[in-house]
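Below you'll find the structure, written out as structure tokens, and then a few comments.
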Amino acid sequence: MSLSELIAGVEDHEKTLTVVNADTEVADSLREYFVDRNVRVVEDRSESTPAEYVVLGEQDRFLTASSVAELLEEEARTEPGFTDASYRPILDAMDETMFTSFDTGRMVAASREIEDRAWRAGRGQLHAGFQTLSTFTAQRDVYERLGARGELDVHVYATPDTDVPHDSSVRLHLEDTTEIARSWFVVYDGGGVDANKCALVAEEREPRSFFGFWTYGADTVDYILDHLTTTYALAETDGGDDESDRSGRRLRSR
């Protein structure tokens, strides 16, 4: 299964957030917050209880529930301005969370969270796809620092569109494939700790507009890593069309 097919599979599992007995402005604020995620916000009323609460589900499956008071700070209800922390009971139930129309700035911000987790752990493997080598070159200083951090092994994937850097602390996988050209991903294997595993996977569907998901699910992270390491495994020079050297650089066309 390709990265694009994996994104499509997550996309098919739209979640529904049902807002019960709350004011319409609360539901509208939640719609605004989740507008770029694969979450549909609906309103409902219950005569069995006057309580205001929300229920997160997927198709006919219950995922979690929370009172509106727990979900939102009291002052936020009169002047909406929610933070991620306010949504924690709901976000914790989203192992794979879709997003749509993320621009480059938001993608960089999301990537930094995963890079920071790998930096703090200082061990394990970090795999990052930059689409083009020139894009990686612009971020090279950050990744050279990561590659020199403790026992952290950093792999970078890109299509070759500029000169290959030398004396790098990262392993470069230069792949002239559609998947690498369209995909932006950052995947951390957790450094031996399942709870630290995380990934961001997206594809560019419109110019500099990305559609994809992030996940903290260990099984999903393992699947992504298995796909990358088996599809784009480093190879020794064998006299064929591939070129590689001991620094880990590899050039291949498909």
Exercise. Which of the residues that make up region 102-140 are under 25 Å from Asp176 (Cβ atoms) and in a helix (DSSP H, G or I)?
Worked result: Thr104, Met107, Val108, Ser111, Leu133, Ser134, Thr135, Phe136, Thr137, Ala138, Arg140
Seminar exercise, completed: A careful count of residues in region 114-141 that are under 21 Å from Tyr232 (Cβ atoms) and surrounded by fewer than 15 Cβ atoms within 10 Å (Cβ to Cβ) gives 1
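For region 9-39, which residues satisfy the criterion of being in a helix (DSSP H, G or I) and among the basic types (Lys, Arg)? Outline the logic, then answer.
Taking region 9-39 as the starting set, the residues that turn out to be in a helix (DSSP H, G or I) are 9-11, 24-33.
Result: Arg31, single match.
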Exercise. Any chance region 34-55 includes a residue that's at pLDDT 85 or above and either aromatic (Phe, Trp, Tyr) or touching a His at 6+ places or on another chain (Cβ under 8 Å) (or both)?
Worked result: yes
Exercise. Among the residues of region 197-224 satisfying the criterion of being more than 24 Å from Gly105 (Cα to Cα) and either in contact (Cβ under 8 Å) with a residue 40 or more places away in the chain or in a strand (DSSP E or B) (or both), which is farthest from the chain's Cα centre (by Cα)?
Worked result: Tyr223
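The values are calculated or read from the model by the stated rules, or taken from the named source; none is laboratory data. Bear in mind that the values here come from a model prediction, so they are computed numbers and not experimental data. Cβ sites come from the backbone with ideal geometry, for glycine too, and all protein chains shown count toward neighbours.
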